[in-house]
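A short write-up of the structure that comes next.
The values are calculated or read from the model by the stated rules, or taken from the named source; none is laboratory data. Being a predicted model, the structure only gives us computed values, none of them experimental. Glycine gets a Cβ as well: all are built from the backbone with ideal geometry, and neighbour counts include every protein chain shown. Side chains are part of the model used for accessible areas, which takes the heavy atoms of the whole protein and leaves out ligands, DNA and RNA. Shrake-Rupley method; radii C 1.70, N 1.55, O 1.52, S 1.80 Å.
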Amino acid sequence: MRKHIGWIAGTAAAVLVAAGAITYAAAEDGGGGGGLSVPGADGADAGFARDMAVHHQQAVEMSYLVRDRTKNPEVRRLAYDIAQTQANQRGMLLGWLDLWDLPKVSAKPPMSWMGMGDMPERGDGSLMPGMATDTELKKLGTLNGRQAEIFYLQLMTDHHKGGIHMAEGCVARCTVAVEKSLAQGMVDAQQSELTTMKQMLRERGAGPRD
């Protein structure tokens, strides 16, 4: 398992090293520096940036919650890597909206840019596919040790599946090349983390939620 966690840490580091370059490239690609048109406020580029920023924020919150609920080094390392990677990606997404001078909040429902704006929400704070409810987050904050590890891994598995679906939507619909590239990177990294989390759950006598 240490080999898997080490690979994830390396992947996360590579993502963060590339973050600055991608952000500057986005400024030139979509922010007017290169003379190209700015994405529309209701298009996939802006929609993905807004929605994924919200999605990522919850992943960061869950990851820091579990770090305080367990002493297991592998779970704590995974949680830290997810928190750091997604916090930095969130900053990039919000930074692009600033560069494009587009609002960070839309009057349209989440996922409208994917044609899913009329999809019923789970409610209780779960705004998009894979997001945990407020009740589930509160529960995570009450668990300790192995129970906290299992519930976190289950919640994050659901979260990653929803995030991958969104990122694949950007790969198919976004027009800014560096944003599409970042989205594909999210797909690749989170699919790898799904494999790792499945193994970690199996080691704890559990599995993903159906």
From the list 153, 143, pick out the single residue that is closer than 19 Å to residue 83 by Cβ, modelled with pLDDT of 95 or more and in a helix (DSSP H, G or I). 153
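Conditions tested, residue by residue: (1) touching a residue at least 40 places away in the same chain (Cβ under 8 Å); (2) open to solvent by less than 50 Å² (accessible area, probe 1.4 Å).
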{"site": "52", "(1), (2)": "yes, yes"}
{"site": "83", "(1), (2)": "no, yes"}
{"site": "90", "(1), (2)": "no, no"}
{"site": "106", "(1), (2)": "yes, yes"}
{"site": "113", "(1), (2)": "yes, yes"}
It is to be established whether one or more residues within the range 196-204 are among the basic types (Lys, Arg) and assigned to a loop (DSSP other than H, G, I, E, B). yes
Taking residue 108 as meeting all but one of (1) touching an Asp or Glu at 6+ places or on another chain (Cβ under 8 Å); (2) assigned to a helix (DSSP H, G or I), write down the number of the exception. (2)
Listed residues 185, 123, 163; which is closer than 19 Å to residue 210 by Cα, among the small types (Gly, Ala, Ser) and crowded, with 16+ Cβ neighbours inside 10 Å? 163
Taking the options 9, 27, 19, name whichever one is out of contact with any His (no Cβ under 8 Å at 6 or more places or on another chain), modelled with pLDDT under 50, surrounded by fewer than 17 Cβ atoms within 10 Å (Cβ to Cβ) and not hydroxyl-bearing (Ser, Thr, Tyr). 9
Filter the range 54-74 for residues that are free of Cβ contacts under 8 Å to residues at least 40 places away in the same chain and either among the aliphatic types (A, V, I, L, M) or not in a helix (DSSP H, G or I) (or both); the one that is surrounded by the most Cβ atoms within 10 Å (Cβ to Cβ) is 60
